[in-house]
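**Student:** Here it is, the structure, as structure tokens.
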Amino acid sequence: MEKKTPTKKSRRHLKPSIALEKQLSKQIYNALQGAVVEAVLKKIQTSSADTYWRSSMEGHSLKVQEDLLPDFYRLCHDVKKKLRFEEPVDFYITGDSSVNAFSVAAEGKGEPNIVNVNSALFDLMTEEELRFVIGHELGHLINKDTKLNRLVRFVFPPEAAVPVSLQYKIRLHDQLAELVADRYGYMATDDLGVCVTAFFKLASGLDLVKMNVSLDALIADNNRRLNYFLKDKGISRATHPVNPIRVQALNLFSTMETQQDLNDGMEELISILLKVGDSELDEYTAQFIVSAGILVANIDKALNLEEYHAIIENLADLKIFPRKFIEEVMKGDIMKTFNDSVENILKINPGMREDMLEYMIQIVISDKTISNEEMNMLYDFGRNVGLSDMEVATAIAVAIQKNYIPSMEAIS
């Protein structure tokens, strides 16, 4: 009896999308008033992105046409068909030694999207690895990542400063969008090994066959490096997730049987991307910001909007989702969290006493009223951390001179 070759197992039943990426995309779009801004831009018709990219590609790159590059043309369109992407796409090859590829979504109606592959990839990649690359770039088009990126670049041009909290969310969105695009790349090949070797070629620029590097060695190396990130040491701060995360994310996508199993497995990897700080001190500081802010604000029995915004603003440097972190802290014992955070911060860095006091003073004056109870709390805190009443009073005086503005109600 003839032995049948096992077929590759497709992940068609699993969704390539990631819920948090969709949530962030919507949140960033709404925060930047996407619908309004796009309507305005459409009226004034200022964008020339299609013309720029089309001119650049047509003038400096080689267009992939059936009569000119029949094999690669068929590969590109076979991947496009496999991913069921029906919008028109023009594929290009650019003479460039950098190991890279990119996609550009069409802005105007009737214009084709663009996928470009740098020539350096053809010296490194097998045909199947090129399928992964093409699938990845088409994935960005399917996921409509360019639309959001264009909006961000318009509202915040290169010379503009993006608020820190928004920076973190944009970065997290971009990283998750890369993981989604990787899934489309996998769907183009249905072969995890191909994806892994493609990742390492993109990262190293090396021909793995010539270097005699095996797939098993690559997987083992990836697991070792992933363990570093899982043990709260590594941080993924670039626009693309680090390779250990990308490889493991695709490993989950290629092996999990149900969407829930996939989602559960991804939680640990996404937790790495959620990390902003890289030390215990950052976590204790975040706990202090919330607990101290709430305790000071509640002296007058109410946490008002100005005080809440002051807490959020200070926490945004340490947490991508500050509101969620505040909710988690508020579920516990606020006073215990406050005392523990102060104790731990002082053990690690006693020099932060003044910084903690200044933050509490900021919360006090944020609602434009200063009560005797609030002053007493500031002096008590100062004494507990080793500051004299004169040092506390001096800090309060400086803060009032720099930042205090009377409320309109008080002077009207």
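**Student:** Of all residues being hydrophobic (A, V, I, L, M, F, W, C) and without any contact (Cβ under 8 Å) to a residue 40 or more places away in the chain in segment 382-402, which is farthest from ALA297 (Cα to Cα)? Just the residue, please. Steps first, please.
**Tutor:** First pass over segment 382-402, keeping only residues hydrophobic (A, V, I, L, M, F, W, C): 385, 387, 390, 392-393, 395-400.
Filter once more, keeping what is without any contact (Cβ under 8 Å) to a residue 40 or more places away in the chain: 387, 390, 392-393, 396-398, 400.
Numbers: LEU387: 22, MET390: 23, VAL392: 18, ALA393: 19, ILE396: 16, ALA397: 19, VAL398: 20, ILE400: 17 Å.
If we take residues in segment 382-402 being hydrophobic (A, V, I, L, M, F, W, C) and without any contact (Cβ under 8 Å) to a residue 40 or more places away in the chain, then MET390 is farthest from ALA297 (Cα to Cα).
**Student:** It is to be established whether one or more residues within segment 160-175 are farther than 22 Å from LEU318 by Cα and either under 24 Å from the mean Cα position of the chain (by Cα) or among the β-branched types (Val, Ile, Thr) (or both).
**Tutor:** Of all residues in segment 160-175, those farther than 22 Å from LEU318 by Cα come to none.
No: segment 160-175 contains no residue that is farther than 22 Å from LEU318 by Cα and either under 24 Å from the mean Cα position of the chain (by Cα) or among the β-branched types (Val, Ile, Thr) (or both).
**Student:** When you look at ARG150, is it charged (D, E, K, R), open to solvent by less than 20 Å² (accessible area, probe 1.4 Å), touching a residue at least 24 places away in the same chain (Cβ under 8 Å) and under 30 Å from ASP78 (Cβ atoms), yes or no?
**Tutor:** Details: charged (D, E, K, R): yes; open to solvent by less than 20 Å² (accessible area, probe 1.4 Å): no; touching a residue at least 24 places away in the same chain (Cβ under 8 Å): yes; under 30 Å from ASP78 (Cβ atoms): yes.
It is false that ARG150 is charged (D, E, K, R), open to solvent by less than 20 Å² (accessible area, probe 1.4 Å), touching a residue at least 24 places away in the same chain (Cβ under 8 Å) and under 30 Å from ASP78 (Cβ atoms).
**Student:** Turning to a different aspect of this structure: Do we find that TYR186 is of a type outside the set (D, E, K, R), open to solvent by 20 Å² or more (accessible area, probe 1.4 Å), more than 22 Å from VAL64 (Cβ to Cβ) and touching a residue at least 60 places away in the same chain (Cβ under 8 Å) in this structure?
**Tutor:** Numbers: of a type outside the set (D, E, K, R): yes; open to solvent by 20 Å² or more (accessible area, probe 1.4 Å): no; more than 22 Å from VAL64 (Cβ to Cβ): yes; touching a residue at least 60 places away in the same chain (Cβ under 8 Å): yes.
Judged against the criteria, TYR186 is not a match.
**Student:** Okay, moving on. Determine whether LEU346 is under 22 Å from VAL392 (Cβ atoms), buried (at least 21 other Cβ atoms within 10 Å of the Cβ) and free of Cβ contacts under 8 Å to residues at least 60 places away in the same chain.
**Tutor:** no
**Student:** Scan segment 62-71 for residues that are within 21 Å of PHE132 (Cβ to Cβ) and touching an Asp or Glu at 6+ places or on another chain (Cβ under 9 Å) and jot them down.
**Tutor:** VAL64, ASP71
**Student:** Let me ask you something else. Collect the residues in segment 108-141 that are within 18 Å of GLU86 (Cβ to Cβ) and in contact (Cβ under 8 Å) with a residue 60 or more places away in the chain, keeping them in residue-number order. Can you show your working first?
**Tutor:** So in segment 108-141, the residues within 18 Å of GLU86 (Cβ to Cβ) come out as 108-115, 134-135, 137-141.
Correct list: GLU111, ILE114, GLY139.
**Student:** Kindly check whether there is at least one residue in segment 137-156 that is assigned to a loop (DSSP other than H, G, I, E, B) and among the polar types (S, T, N, Q).
**Tutor:** Residues of segment 137-156 that are assigned to a loop (DSSP other than H, G, I, E, B), as a first pass: 143-144, 156.
Imposing the further condition that a residue be among the polar types (S, T, N, Q) reduces the set to 143.
Checked segment 137-156: at least one residue is assigned to a loop (DSSP other than H, G, I, E, B) and among the polar types (S, T, N, Q).
**Student:** To continue, here is another question. Please report, ordered by residue number, the helices (runs of 4 or more DSSP H) entirely within segment 240-332 with at least 1 residues that are basic (Lys, Arg) and open to solvent by 20 Å² or more (accessible area, probe 1.4 Å). Spell out how you get there, then give the answer.
**Tutor:** On the way: elements: 243-255, 259-273, 280-297, 305-315, 322-330.
By residue number, 243-255, 322-330.
**Student:** Then there is this: Which one of GLN167, GLN175 is surrounded by fewer than 21 Cβ atoms within 10 Å (Cβ to Cβ) and among the polar types (S, T, N, Q)?
**Tutor:** Values: GLN175 fails: surrounded by fewer than 21 Cβ atoms within 10 Å (Cβ to Cβ).
Exactly one residue qualifies, and that residue is GLN167.
**Student:** Would it be correct to say that PHE85 is open to solvent by less than 30 Å² (accessible area, probe 1.4 Å) and part of a loop (DSSP other than H, G, I, E, B)?
**Tutor:** Values: open to solvent by less than 30 Å² (accessible area, probe 1.4 Å): yes; part of a loop (DSSP other than H, G, I, E, B): yes.
Against the criterion (open to solvent by less than 30 Å² (accessible area, probe 1.4 Å) and part of a loop (DSSP other than H, G, I, E, B)), PHE85 qualifies.
**Student:** Looking at LYS301, LYS324, can you tell me which residue is at positive phi and without any contact (Cβ under 8 Å) to a residue 24 or more places away in the chain?
**Tutor:** Exactly one residue qualifies, and that residue is LYS301.
**Student:** Looking only at residues in segment 66-122 that are among the basic types (Lys, Arg) and over 29 Å from the mean Cα position of the chain (by Cα), which one is modelled with the lowest pLDDT? Break it down stepwise before answering.
**Tutor:** Here is the first cut: in segment 66-122, the ones among the basic types (Lys, Arg) are 74, 80-82, 84, 109.
From what is left, the residues that are over 29 Å from the mean Cα position of the chain (by Cα) are 74, 81, 109.
On the way: ARG74: 97, LYS81: 97, LYS109: 75.
Within segment 66-122, the match that is modelled with the lowest pLDDT is LYS109.
**Student:** Got a number for residues in segment 6-56 being open to solvent by 80 Å² or more (accessible area, probe 1.4 Å), at pLDDT 85 or above and part of a helix (DSSP H, G or I)?
**Tutor:** 6
**Student:** To continue, here is another question. Select from segment 189-222 the residues that are within 23 Å of the chain's Cα centre (by Cα) and open to solvent by less than 30 Å² (accessible area, probe 1.4 Å) and write down the one among them that is modelled with the lowest pLDDT.
**Tutor:** ASN222
The values are calculated or read from the model by the stated rules, or taken from the named source; none is laboratory data. Keep in mind that what you see is a predicted model, and the values were worked out from it rather than measured. Using ideal geometry, Cβ is built from the backbone for each residue, glycine included, and neighbour counts are taken over all protein chains shown. For the accessible areas, the whole protein counts, side chains as well, though only heavy atoms, and no ligand, DNA or RNA atoms are used. Shrake-Rupley method; radii C 1.70, N 1.55, O 1.52, S 1.80 Å.
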